[in-house]
1. Can you name every residue in region 44-84 that is within 13 Å of the ligand (Cβ to nearest atom) and out of contact with any Phe, Trp or Tyr (no Cβ under 9 Å at 6 or more places or on another chain)?
2. Just the residues that are open to solvent by 50 Å² or more (accessible area, probe 1.4 Å) and within 12 Å of the ligand (Cβ to nearest atom), please, taken from region 234-248.
3. Check LEU148 against each of (1) within 16 Å of the ligand (Cβ to nearest atom); (2) among the aliphatic types (A, V, I, L, M); (3) open to solvent by less than 10 Å² (accessible area, probe 1.4 Å) and name the one condition it does not meet.
4. Take region 52-69 and flag every residue that is open to solvent by 30 Å² or more (accessible area, probe 1.4 Å) and in a loop (DSSP other than H, G, I, E, B).
5. Inspect region 25-35 for any residue being at pLDDT 95 or above and of a type in the set (S, T, N, Q) and give the result as yes or no.
6. Go through region 7-45 and report how many residues are in contact with a strand residue (DSSP E or B) (Cβ under 9 Å, 6 or more places away or on another chain) and outside any strand (DSSP E or B).
7. Being buried (at least 19 other Cβ atoms within 10 Å of the Cβ) and in contact (Cβ under 8 Å) with a residue 60 or more places away in the chain is true for just one of ASP126, ASP72. Which residue is that?
8. How many residues are within 15 Å of the ligand (Cβ to nearest atom), part of a helix (DSSP H, G or I) and surrounded by fewer than 21 Cβ atoms within 10 Å (Cβ to Cβ) if we restrict to region 181-233?
Amino acid sequence: MHTLPPFTRALMRSPAPNFAEGLTLSAPADAPDYALAMQQYEAYIEALRDCGLAVTVAPADERYPDGHFVEDAFVLYRELAFHCRSGAAARRDEGESLKAYLAHLRIVEPPPEARIDGGDVLFCADRALVGIARRTNFAGFHALRTALQSVEPDMRVDPVRFSGVLHLKSGLTELAPGVLIKDPALRADYKLDWAELITLPPEEGYAADVMPVNDTLFVAANCPQALKAATAHCARVIALDLSEFMKMDGGLTCLSLRY
Ligand code: CIR
């Protein structure tokens with residue numbers, strides 16, 4: 001995989017007041033708080049703007065309580081905008097109203113049987129990994145691989161069957177080139193011995209979803225081991241508290257599309 005140009009933009013969608021009606025693997029112990037979620041959301045936007053990105057925030061859409069997790073609706077790579085169709089029926093049409101914001105890119109529609117959530121797609125080192133579990137099927141993987149290879153014919157795109165977390169990136173992301181950070185809850189049917197692997201303690205598993213933005217690495221707040229690993233590998237680290245989104249199984253990367 002060739003080096004991507006720096007990110008200059010981010011697309012986001014404001015959380016709707018009914019965001020607590022979104023999907024969860026298990027009901028949160030405390031109900032998510034909308035006012036606090038919005039404060040956390042504003043801090044996230046400001047942090048991306050501090051990195052020099054032009055951030056566009058689409059209006060909330062109450063039809064989709066998970067609609068602010070925009071990363072699941074598209075995979076962006078260079079001029080490609082691959083429109084994902086979630087394995088969760090309730091989320092399958094979330095991307096429709098985002099297309100207008102991505103009209104300058106080449107939007108690719110998958111075939112009807114393809115299921116995919118962008119949260120299952122990890123670009124790292126020399127390859128793209130596509131998690132196969134609840135939300136993404138092999139038809140989705142094949143469609144995305146074809147689309148990515150239409151941009152970069154020699155790109156390595158591998159399927160990764162996994163369990164233990166919602167999305168592949170909930171449990172595995174790239175902290176620095178060739179360095180992966182992992183939630184011990186993730187079980188993946190894929191060799192990771194080509195990378196340096198940092199496995200977090202179980203209580204910090206949520207912090208396995210780190211977000212590199214040019215020269216800055218975003219990590220979840222209140223996770224000391226993850227912060228230590230981040231600062232060891234990256235000169236500029238921003239820790240963000242996303243407690244209210246975590247209650248809805250959402251991590252750092254899923255709140256924005258960076259490109
Ligand atoms: C869902 O279950 O789909 C949402 N409540 C959370 C989605 C988070 N997305 C992500 O990690 N990529």
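1. TYR64, VAL70, GLU71, ASP72, ALA73
2. Answer for region 234-248, where residues must be open to solvent by 50 Å² or more (accessible area, probe 1.4 Å) and within 12 Å of the ligand (Cβ to nearest atom): just MET246.
3. Among (1) within 16 Å of the ligand (Cβ to nearest atom); (2) among the aliphatic types (A, V, I, L, M); (3) open to solvent by less than 10 Å² (accessible area, probe 1.4 Å), LEU148 violates only (1).
4. Those that are open to solvent by 30 Å² or more (accessible area, probe 1.4 Å) and in a loop (DSSP other than H, G, I, E, B): GLY52, PRO59, ALA60, GLU62, ARG63, TYR64.
5. No, that holds for no residue.
6. Count: 8.
7. ASP72
8. 0
The values are calculated or read from the model by the stated rules, or taken from the named source; none is laboratory data. Everything numeric in this text was worked out from a predicted model, so none of it was measured. Methodologically, a virtual Cβ is constructed for each residue, glycine included, from the backbone with ideal geometry; neighbour enumeration extends over all protein chains shown. The accessibility values were calculated without ligands, DNA or RNA, using every heavy atom of the protein model including side chains. Shrake-Rupley method; radii C 1.70, N 1.55, O 1.52, S 1.80 Å.
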